[in-house]
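So the structure is just underneath, and the comments pick up after that.
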Amino acid sequence: MCGILAVLGCSDTSLSKRTRIIELSRRLRHRGPDWSGLHCFQDCYLAHQRLAIVDPTSGDQPLYNEDKTIVVTVNGEIYNHEQLREKLKSHKFRTGSDCEVIAHLYEEYGENFVEMLDGMFSFVLLDTRNNTFIAARDPIGITPLYMGWGLDGSIWFASEMKALSDDCERFTTFLPGHLYSSKRGELRRWYNPPWYSESIPPTPYDPLVLREAFEKAVIKRLMTDVPFGVLLSGGLDSSLVAAVASRHLTETKVAKQWGSQLHTFCIGLEGSPDLKAAREVADYLGTLHHEFHFTVQEGLDALEEVIYHIETYDVTTVRASTPMFLMSRKIKSLGVKMVLSGEGSDEIFGGYLYFHKAPSKEEFHRETCRKIKALHLYDCLRANKSTSAWGLEARVPFLDKNFIDIAMDIDPEWKMVRRDLGRIEKWVLRNAFDDEQNPYLPKHILYRQKEQFSDGVGYSWIGGLRAHAEEHVSDAMLSNAHNVYPENAPLTKEAYYYRTIFERFFPKNAARSTVPGGPSVACSTAKAVEWDKAWKKNLDPSGRAVLGVHVDAY
């Protein structure tokens, strides 16, 4: 994972402007501590902070075509770059970087080449032949990207808000699956899968097709030239990622360089549910397991730094980001630079416990579509920025483009929770890997109830956060919240506390507008709150707020 900053159409081309761009780019150095690059052309600046995962020795950015008339700065990974190079045999490549194909694809196919990319990415490409540029973001928004506008008419792009919040009059989140073209002067959606329309798919469930698609998604993400591992919470999703990775690791190039035993990582409070389950899965799979502990106080002490890095005040995201942030620091200290993670499964399969109350398959499917479309504001943001804070890259196989297409094309009747048929949440995924002859996981892990990460690290974590907020936010402060923060006003003392920290780092209206709001229970959307009247009295993002579903509901 890298950090990119691009400023285009800047009226100031002086040495002081170049110095300012370098200064702002340094704000992203945590994302890419391995190398810094800058390309200046007339009134355009493309800066890059590199985290070297593929081709560490020669893949420094910005990257170019043969005659350097096309310049690109990229954050992400292009998993099908070797296949794409086969289509570009007439082109001469300078590096072994997976991202170099972008410059050559643009030269060969024009702006529409983005649809050919299979990976996670955000990039800015400058065509110096006619002084035009494009910017694009991957289908789901796994990698972050922001777009801003300066008073001098310049357009800015950055991996994180902190690199443009001071110099842009206005800025916003760059939408996933979209492309901006300076020729057209507008943003357009290039990613248009069938599920995006939210129409109800009719395809029958085929467990083997689903299993094969997921295995392929994991295997392609083992593309690395540096040490890696898997974040293993002991829940279904991360356990499946670890199970598939451990099965196929010996077949990969990375095994020859770094060994064929998979490393797994877990964090939690002493005695947490995740630590116990993860240890059991690691023993079953034979991984080299690393278990990290943190205390509630250590988490509280890290809150300000966490909010600065993740750039949001969303309660669920802050709760879950903090242990992930602490774990990432430990992982990086071991020399690991890339991890696989289980984000995205709950959105695709309706894994959150509130889906138990979905009134129909139509509502179930539309809610999963809404959740996937919003991932860039929640779990993708958390996974990316919590890890990138320490120069660690997170890859998410459940958000593989082909896997999503297959999973979202299943008739949602199969995804519905049906206790009368023995189907719990994410049954279609559990059943796909329920192989009696060659088990992927122990049965009780395969069918373990959904536990949100902020709960699974230890139930006292959320209690500690609430108590801490209670000490810092008075009743009078909360009752006045709608006056102090009229936009997206915090509804609880915990939310108010996070908001005050966020506002210190990012005081502009544009910054607070990048954070979503609205009523929610257990990571639901405002629409899903309508499914059960009781939820309106217990609006908390914890999975334990789902009364009558979670075994430890409160």
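The values are calculated or read from the model by the stated rules, or taken from the named source; none is laboratory data. Not measured: the values here are computed from a predicted model. Methodologically, a virtual Cβ is constructed for each residue, glycine included, from the backbone with ideal geometry; neighbour enumeration extends over all protein chains shown. For accessibility, only protein heavy atoms count, side chains too; no ligands or nucleic acids. Shrake-Rupley method; radii C 1.70, N 1.55, O 1.52, S 1.80 Å.
Once you have a ≥ b ≥ c as the square roots of the Cα gyration tensor eigenvalues for segment 1-79, tell me rounded if a/c is under 1.5, and otherwise prolate or oblate according to whether a/b is larger than b/c.
The shape class here is oblate.
Divide the volume of the convex hull around the Cα atoms of segment 245-366 by the residue count and you get 166 Å³ per residue. Beyond 18 Å in Cα-Cα separation lie the following of the pairs Lys68/Lys92; Lys162/Lys385; Lys373/Lys527; Lys220/Lys276: Lys220/Lys276. Computed over the alpha carbons of segment 11-136, Rg followed by Dmax gives 14.3, 43 Å. Helices in the chain, meaning DSSP H runs of at least 4 residues, each add -39500 (n - 2.57). Divided by all residues, the mean residue ellipticity at 222 nm is -10000 deg cm²/dmol. Take every pair of alpha-carbon atoms less than 8 Å apart whose residues are at least six positions apart; their mean separation over the length of segment 1-118 yields a relative contact order of 24 percent.
Peptides 416-422, 427-433 ordered by packing proxy, namely the average of other Cβ atoms within 10 Å per residue, highest first: 427-433, 416-422. Just the protein heavy atoms count here, and of the accessible area of the chain at 1.4 Å, carbon and sulfur take up 51 percent.
Considering all different alpha carbon pairs of segment 95-194, the Kirkwood hydrodynamic radius works out to 14.2 Å.
As a ratio to 2.2 N^0.38 Å, the alpha-carbon radius of gyration for the chain is 0.94.
Report note on the peptides 337-346, 351-360, 15-24, 288-297: ranked by the mean count of other C-beta atoms within 10 Å, highest first, their order is 337-346, 351-360, 288-297, 15-24. Sorting the segments 274-281, 52-59 by their mean number of nearby beta carbons within 10 angstrom, highest to lowest, gives 274-281, 52-59.
Relative contact order of the chain, please, whole-number percent, based on alpha carbon pairs below 8 angstrom and at least 6 residues apart.
So the answer I get is 14 percent.
Accessible area per residue for the chain, computed on protein heavy atoms with a 1.4 Å probe, is 37 Å². With a bin width of 5 angstrom, please list the P(r) values of segment 404-480 as percents of all Cα-Cα pairs, from the 0 bin to the one holding the largest distance. Bins of 5 Å from zero give 3, 11, 14, 14, 14, 11, 8, 7, 9, 7, 2, 1, 0 percent of pairs.
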